[in-house]
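Inspection log for the structure reproduced underneath, given as structure tokens.
The values are calculated or read from the model by the stated rules, or taken from the named source; none is laboratory data. On a predicted model such as this, the values are computed, not experimentally measured, just so you know. So basically every Cβ, Gly included, is an ideal-geometry build from the backbone, and we count neighbours across all protein chains shown.
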């Protein structure tokens with residue numbers, strides 16, 4: 001027995017919650033080692049600074065140089081090995097995302113056709129997810145170098161003890177960028193998994209955009225649109241250009257970092273009556289996902 005469009009829409013709109021859960025768990029795992037290392041390094045740097053200073057007295061140049069050198073060593077230790085670890089975690093999460101996307105897409109196809117669920121067909125995370133994973137070491141090194149560049153006698157003279165928080169706040173931007181890359185990798189891989197199932201179902205199968213509940217004004221504009229696997233969704237779609245416009249065409253979600261929209265396989269011949277699924281997804285997105 002085939003499911004109604006309403007039932008399929010209900011199933012599809014549960015997917016973003018699973019994507020969010022995978023993304024959150026993976027991001028926490030990826031950022032935790034660096035976040036903990038930076039917290040410990042900042043505590044150590046603060047202790048050294050306090051021991052080297054006396055109230056009302058300027059730090060002599062030799063002591064200042066030693067403190068700055070120690071802070072550089074602390075930063076180097078905190079960042080050592082973090083890029084490889086974060087990249088490995090992100091890549092593992094992306095593979096899990098591809099499997100999740102394939103399972104979700106196969107379940108939708110089974111519900112729409114009333115046939116046994118097709119085999120999960122995904123072992124590749126896709127080029128978008130791979131690019132996000134591969135960029136992590138570059139992003140981490142950029143923030144490390146920016147933090148390191150603040151450790152000069154000039155900045156120490158200008159900011160005093162506030163330099164420590166400034167340096168480590170700058171270094172923590174690497175943590176934020178890891179989390180963002182993980183988010184992009186996971187959602188991109190989920191879309192790649194769905195696309196693999198759609199290709200396996202045959203050339204007339206399209207990929208239908210499902211906006212996450214409470215989606216942004218750009219993602220709402222994509223809800224209910226479809227493409228063939230390998231094609232691109234147009235860029236620049238939005239229901240409110242004053243708030244968000246993303247100009248580049250894309251093969252699927254994410255439209256932006258931390259987007260948890262999804263793709264599902266769809267054929268027009270799967271329609272069983274009532275409001276067509278694309279129209280239903282579009283209407284629900286414009287109502288906020290209900």
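I'd like to check something: does segment 215-224 contain any residue that is touching a helix residue (DSSP H, G or I) at 6+ places or on another chain (Cβ under 7 Å), modelled with pLDDT of 95 or more, outside any loop (DSSP other than H, G, I, E, B) and more than 21 Å from residue 100 (Cα to Cα)? The answer is yes; a qualifying residue exists.
Condition check for residue 125 on (1) over 17 Å from residue 29 (Cα atoms); (2) in contact with a helix residue (DSSP H, G or I) (Cβ under 6 Å, 6 or more places away or on another chain); (3) in contact (Cβ under 8 Å) with a residue 12 or more places away in the chain; (4) not in a loop (DSSP other than H, G, I, E, B): one failure, at (4). Does segment 163-180 contain any residue that is at pLDDT 95 or above, crowded, with 23+ Cβ neighbours inside 10 Å and touching a strand residue (DSSP E or B) at 6+ places or on another chain (Cβ under 7 Å)? The answer is no, given that none of the residues of segment 163-180 is at pLDDT 95 or above, crowded, with 23+ Cβ neighbours inside 10 Å and touching a strand residue (DSSP E or B) at 6+ places or on another chain (Cβ under 7 Å). Among the residues of segment 38-64, the ones that are assigned to a helix (DSSP H, G or I) and either in contact with a helix residue (DSSP H, G or I) (Cβ under 7 Å, 6 or more places away or on another chain) or at pLDDT below 90 (or both) come to 15 in all.
Number of residues in segment 135-154 that are assigned to a loop (DSSP other than H, G, I, E, B) and free of Cβ contacts under 8 Å to residues at least 40 places away in the same chain: the value is 1. Just wondering, is there one or more residues in segment 266-277 that are in contact (Cβ under 8 Å) with a residue 12 or more places away in the chain, loosely packed, with under 14 Cβ neighbours inside 10 Å, touching a helix residue (DSSP H, G or I) at 6+ places or on another chain (Cβ under 7 Å) and assigned to a loop (DSSP other than H, G, I, E, B)? Yes: segment 266-277 contains one or more residues that are in contact (Cβ under 8 Å) with a residue 12 or more places away in the chain, loosely packed, with under 14 Cβ neighbours inside 10 Å, touching a helix residue (DSSP H, G or I) at 6+ places or on another chain (Cβ under 7 Å) and assigned to a loop (DSSP other than H, G, I, E, B).
Quick check: is even one residue across segment 122-137 surrounded by fewer than 24 Cβ atoms within 10 Å (Cβ to Cβ), over 30 Å from residue 265 (Cα atoms) and at pLDDT 95 or above? Within segment 122-137 (the criterion being surrounded by fewer than 24 Cβ atoms within 10 Å (Cβ to Cβ), over 30 Å from residue 265 (Cα atoms) and at pLDDT 95 or above), the answer is yes, since at least one residue qualifies.
State the number of residues belonging to segment 23-44 that are crowded, with 21+ Cβ neighbours inside 10 Å and under 16 Å from the mean Cα position of the chain (by Cα).
Counting residues in segment 23-44 that are crowded, with 21+ Cβ neighbours inside 10 Å and under 16 Å from the mean Cα position of the chain (by Cα) gives 5.
Figure legend. Inter-residue proximity from segment 158-169: first residues free of Cβ contacts under 8 Å to residues at least 24 places away in the same chain, second residues surrounded by 21 or more Cβ atoms within 10 Å (Cβ to Cβ) and in a helix (DSSP H, G or I), beta-carbon distance below 8 Å, spacing 6+ or different chains. Indicated pairs: 163/156.
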